[in-house]
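Below is one structure, written out as structure tokens, with a few remarks after it.
The values are calculated or read from the model by the stated rules, or taken from the named source; none is laboratory data. This structure is a prediction, so every number in the text was calculated from the model and none was measured. Every residue, glycine among them, receives a Cβ derived from its backbone with ideal geometry; neighbour counts consider all protein chains shown.
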Amino acid sequence: MKSRAAVAFAPGKPLEIVEIDVAPPKKGEVLIKVTHTGVCHTDAFTLSGDDPEGVFPVVLGHEGAGVVVEVGEGVTSVKPGDHVIPLYTAECGECEFCRDHGLAKPTCVSRFAKRRAKA
């Protein structure tokens, strides 16, 4: 599938709108047509060149919303046509928020915070 994306080819350089190839989803993956996105401080940090984990070229904008286009093998929680807000901090199912408060979907940050603290 082809898509237009704002690509950062190098630190400190302007983003370029280019056509990219998007692979179909693999097992456990979901292909989303992103309809709304933003650039946050994390993206700006990467683009600045100061992020030690920054790799270029990169499509920035990990905060957004869209519509499921296709699902990979084994995906049962969403289906094509579903409106979604993907998060890069997936719920763990084990932390206090997931276990005790039923807030797993958008609010679990336990594992993400621990992962970041070890870095």
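Annotations
- Filtering segment 20-55 to residues that are in contact with a strand residue (DSSP E or B) (Cβ under 6 Å, 6 or more places away or on another chain) and in a loop (DSSP other than H, G, I, E, B) leaves 22, 25, 40.
- Which listed residue is of a type in the set (A, V, I, L, M) and surrounded by 14 or more Cβ atoms within 10 Å (Cβ to Cβ), from 18, 58: 58
- Residue pairs meeting the criteria (Cβ under 6 Å; at least 6 apart or on separate chains; first within 13 Å of residue 46 (Cα to Cα), in segment 5-17; second outside any loop (DSSP other than H, G, I, E, B)): 7/16; 7/18; 7/59; 8/47; 8/58; 15/6; 15/8
- Within segment 1-17, being modelled with pLDDT of 90 or more and either over 29 Å from residue 73 (Cα atoms) or in a loop (DSSP other than H, G, I, E, B) (or both) holds for 8, 9, 10, 11, 12, 13, 14, 15, 16, 17.
- Those residues of segment 21-43 which are touching a Ser or Thr at 6+ places or on another chain (Cβ under 9 Å) and either surrounded by 11 or more Cβ atoms within 10 Å (Cβ to Cβ) or without any contact (Cβ under 8 Å) to a residue 12 or more places away in the chain (or both), in sequence order: 22, 30, 33, 34
- Here segment 27-76 is the region considered, the condition is being of a type outside the set (A, V, I, L, M) and touching a Leu at 6+ places or on another chain (Cβ under 6 Å), and the residue that is modelled with the lowest pLDDT is 43.
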